[in-house]
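This is the structure I have questions about; it appears just below.
The values are calculated or read from the model by the stated rules, or taken from the named source; none is laboratory data. From a predicted model like this one, the values you see are computed outputs, not experimental measurements. With ideal geometry, Cβ positions are generated from the backbone for all residues, glycine too; neighbour counts draw on all protein chains shown. Please note that ligands, DNA and RNA were not included when accessible areas were found on the heavy atoms of the full protein model with its side chains. Shrake-Rupley method; radii C 1.70, N 1.55, O 1.52, S 1.80 Å.
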Amino acid sequence: MRIVVVSDSHRNFFALQKVLEKHPEADMVIHLGDGEAEFEDIQQLYPHFRYAWVSGNCDIASSSPSTVLLRLDGKNIYCTHGHTLGVKSSLETLKTAARVARASVVLYGHTHIPHTEYDGGLYVMNPGSVSLSRGRGPTYGLLDITPGGIMLSTAEV
């Protein structure tokens, strides 16, 4: 299963579109917040993908949850924007929340900085931002769940 992971699009519809055009083979798209308005438009344009999303601190008046736990190919995936878990200062609260939820993977946004790591049985990824990435060009993530295991990667838009 291939999952495209995006975050922090901040009204940049065309960046989201560019990412999805690169990955027609993907099974699912997860948006980690701060872009709910354009993400709704993307879902209309690409109805063949499965979708999941959470609200971010800039998704004003959103009724979407700030955290979602998905069960995909036998793995629990903990998704959050991260602003309520203090991810700009430390990932420990985030990792603890994911472990309490018995997640194999935790996905978060908010910092606009792409990041992947493996920490004691927990795969951690921030895809960066598809429009306002810090440190390099706009980025997104790929999460592959295969019989051989889990692979995380980030790429430039």
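Answer yes if at least one residue in the stretch 79-86 is farther than 24 Å from residue 145 by Cα, at pLDDT 95 or above and aliphatic (A, V, I, L, M), and no otherwise. Lay out the reasoning, then the answer.
Step one: filter the stretch 79-86 for residues farther than 24 Å from residue 145 by Cα, giving 83-86.
Add one more test, that the residue is at pLDDT 95 or above, and what stays is 83-86.
Pick out the ones that are also aliphatic (A, V, I, L, M) and you get 85.
Yes: the stretch 79-86 contains one or more residues that are farther than 24 Å from residue 145 by Cα, at pLDDT 95 or above and aliphatic (A, V, I, L, M).
In the stretch 1-56, how many are outside any strand (DSSP E or B), open to solvent by 50 Å² or more (accessible area, probe 1.4 Å) and closer than 19 Å to residue 84 by Cβ?
1
Is it fair to say residue 118 is touching a helix residue (DSSP H, G or I) at 6+ places or on another chain (Cβ under 7 Å) and outside any loop (DSSP other than H, G, I, E, B)? I'd like the intermediate steps shown before the answer.
Numbers: touching a helix residue (DSSP H, G or I) at 6+ places or on another chain (Cβ under 7 Å): no; outside any loop (DSSP other than H, G, I, E, B): yes.
Criteria not met by residue 118.
Could you tell me whether residue 71 is at pLDDT 95 or above, exposed (fewer than 14 other Cβ atoms within 10 Å of the Cβ) and either assigned to a strand (DSSP E or B) or out of contact with any strand residue (DSSP E or B) (no Cβ under 8 Å at 6 or more places or on another chain) (or both)?
Numbers: at pLDDT 95 or above: yes; exposed (fewer than 14 other Cβ atoms within 10 Å of the Cβ): yes; either assigned to a strand (DSSP E or B) or out of contact with any strand residue (DSSP E or B) (no Cβ under 8 Å at 6 or more places or on another chain) (or both): yes.
Spelling it out, residue 71 is indeed at pLDDT 95 or above, exposed (fewer than 14 other Cβ atoms within 10 Å of the Cβ) and either assigned to a strand (DSSP E or B) or out of contact with any strand residue (DSSP E or B) (no Cβ under 8 Å at 6 or more places or on another chain) (or both).
Six or more apart or on different chains, Cβ under 6 Å: which pairs go from a residue in the stretch 3-22 that's under 25 Å from residue 76 (Cα atoms) to one that's of a type in the set (Phe, Trp, Tyr) and assigned to a strand (DSSP E or B)? Could you list them?
6/140; 19/140
Give the residues of the stretch 75-112 that are open to solvent by less than 50 Å² (accessible area, probe 1.4 Å), in contact (Cβ under 8 Å) with a residue 12 or more places away in the chain and assigned to a loop (DSSP other than H, G, I, E, B), sorted by residue number.
81, 82, 87, 91, 101, 103, 104, 108, 109, 110, 111, 112
Within the stretch 114-149, can you find the residues that are surrounded by 17 or more Cβ atoms within 10 Å (Cβ to Cβ) and either modelled with pLDDT under 95 or of a type in the set (Val, Ile, Thr) (or both)?
Listed by number, the residues that qualify are 124, 130, 131, 133, 139, 145.
Now for a separate question. Scan the stretch 141-154 and tell me whether some residue there is within 10 Å of residue 8 (Cβ to Cβ) and either assigned to a strand (DSSP E or B) or hydroxyl-bearing (Ser, Thr, Tyr) (or both).
As a first pass, look at the stretch 141-154 and keep what is within 10 Å of residue 8 (Cβ to Cβ): none.
Checking the stretch 141-154: not a single residue is within 10 Å of residue 8 (Cβ to Cβ) and either assigned to a strand (DSSP E or B) or hydroxyl-bearing (Ser, Thr, Tyr) (or both).
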